[in-house]
Amino acid sequence: MPQLHLEYSANLRSLDTDKALLRLNNALVASGQFSDEVDIKSRAVAHEVFRVGIAPAERAFVHVKLALLSGRSPEVKRQLSADLLEVLKDLVPAQAGVDIQLCVEMLDIDRDSYSKVRLPA
Amino acid sequence: MPQLHLEYSANLRSLDTDKALLRLNNALVASGQFSDEVDIKSRAVAHEVFRVGIAPAERAFVHVKLALLSGRSPEVKRQLSADLLEVLKDLVPAQAGVDIQLCVEMLDIDRDSYSKVRLPA
Amino acid sequence: MPQLHLEYSANLRSLDTDKALLRLNNALVASGQFSDEVDIKSRAVAHEVFRVGIAPAERAFVHVKLALLSGRSPEVKRQLSADLLEVLKDLVPAQAGVDIQLCVEMLDIDRDSYSKVRLPA
């Protein structure tokens with residue numbers, strides 16, 4: 001925990017996903033909400049097959065889902081969501097001819113049934 | 001919002017995913033539940049590595065997950081789920097020798113911590 | 001139902017995902033919680049773009065998400081989670097130089113709005 005998923009439409013070819021994940025993870029560390037940076041597990045997925053709405057205009061999206069063990073306050077979740085959106089805004093500039101949406105979703109994971117083991121190097 | 005994920009087992013080679021996403025998005029627009037069609041963000045993912053159950057029979061699945069901002073009634077969610085399943089039934093015909101499951105799952109997204117920005121074209 | 005997602009960082013090259021899904025599905029059947037083995041739908045996804053934390057050390061993860069129709073007890077969910085983690089521990093040995101995390105997350109699916117149809121072979 002936490003688990004971060006970054007999804008984006010593949011027409012955003014210039015997105016540097018390695019940089020994006022490092023920036024997002026750094027924002028989570030900076031929040032002070034997580035006791036050990038190694039717990040943050042993030043991945044990026046490009047979607048070649050996507051559709052935004054039904055109009056023929058060119059559109060794109062970047063969507064971050066952050067799954068946290070349950071128990072954090074609404075204020076903390078709002079702040080984390082805002083922090084991650086700031087990173088996305090910095091990473092994805094507006095583009096002429098492309099209507100882009102950047103979204104951040106927070107999800108609680110049931111703490112009681114979460115299982116984990118670490119196999120140290 | 002909403003966010004739609006279409007997943008399918010890659011043995012359903014004839015599935016036209018571009019058409020499927022457009023049909024699913026059209027069904028969501030037709031529901032009248034969403035004020036702006038541009039808010040609907042959909043993607044399709046084929047799974048090359050999958051397993052249905054433990055028997056050696058050939059099996060397949062199509063799974064739609066629709067994530068909505070929290071607050072819609074159970075009736076609305078049941079209706080949206082049924083609408084999307086109708087689209088899947090129309091898109092995926094029965095196939096001799098393949099046991100196919102079509103599923104639709106509705107998921108609430110925490111409205112309070114959802115963040116979004118739009119960068120218009 | 002249930003729906004199982006296995007995700008893993010692509011630096012775990014030796015993971016046999018076909019075997020992993022069969023073993024995980026067998027563990028679910030053995031739990032006695034599911035009346036028909038054909039209901040278990042599992043898939044595996046390798047993530048080429050991932051980051052664990054912010055340090056430059058080599059790290060890896062395997063993450064299982066099991067989505068169940070809502071209504072099962074906390075005890076049942078804890079036991080299923082523990083069962084799946086045992087399978088992961090058996091499948092993924094410790095590796096010199098790689099810090100590996102194995103995780104299992106349980107998720108409830110809203111039973112009321114879940115739709116499904118089966119097209120038998």
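Annotations
- Matching residues, region C:69-100, being surrounded by fewer than 21 Cβ atoms within 10 Å (Cβ to Cβ) and assigned to a strand (DSSP E or B): C:Leu69, C:Gln95, C:Val98, C:Asp99
- Within region A:1-28, residues that are more than 10 Å from chain C (Cβ to nearest Cβ) and within 15 Å of A:Ala60 (Cα to Cα) sit with their Cβ atoms under 8 Å from residues that are part of a loop (DSSP other than H, G, I, E, B) and not small (Gly, Ala, Ser), at 6+ positions apart or across chains, in these pairs: A:Tyr8/A:Leu15; A:Ala10/A:Glu48; A:Asn11/A:Glu58; A:Leu12/A:Val92; A:Leu15/A:Val92.
- Flag for B:Glu48 being among the acidic types (Asp, Glu), within 16 Å of A:Gly53 (Cβ to Cβ) and over 11 Å from the mean Cα position of the chain (by Cα): no
- Residue in region C:50-60 that is under 29 Å from B:Leu85 (Cβ atoms), surrounded by 16 or more Cβ atoms within 10 Å (Cβ to Cβ) and either more than 9 Å from chain A (Cβ to nearest Cβ) or at pLDDT 95 or above (or both) present: no
- Within region A:7-43, considering residues that are under 29 Å from B:Asn26 (Cβ atoms) and not aromatic (Phe, Trp, Tyr), the one surrounded by the fewest Cβ atoms within 10 Å (Cβ to Cβ): A:Arg13
- C:Ser115 being of a type in the set (Ser, Thr, Tyr), touching a strand residue (DSSP E or B) at 6+ places or on another chain (Cβ under 6 Å), crowded, with 21+ Cβ neighbours inside 10 Å and at pLDDT 95 or above: no
- Qualifying residue in region B:29-44 (condition: over 26 Å from A:Val62 (Cα atoms) and either assigned to a loop (DSSP other than H, G, I, E, B) or within 11 Å of chain C (Cβ to nearest Cβ) (or both)): no
- Search result, residues across region C:94-114 that are touching a residue at least 60 places away in the same chain (Cβ under 8 Å) and within 14 Å of chain B (Cβ to nearest Cβ): C:Ile109, C:Tyr114
- The one condition from (1) more than 24 Å from A:Ser70 (Cβ to Cβ); (2) in contact (Cβ under 8 Å) with a residue 60 or more places away in the chain; (3) touching an Asp or Glu at 6+ places or on another chain (Cβ under 9 Å) that C:Leu68 does not meet is (1).
The values are calculated or read from the model by the stated rules, or taken from the named source; none is laboratory data. Quick caveat, the model's predicted, so the values are computed rather than measured. Neighbour counts run over all protein chains shown; Cβ positions are idealised from the backbone, glycine included.
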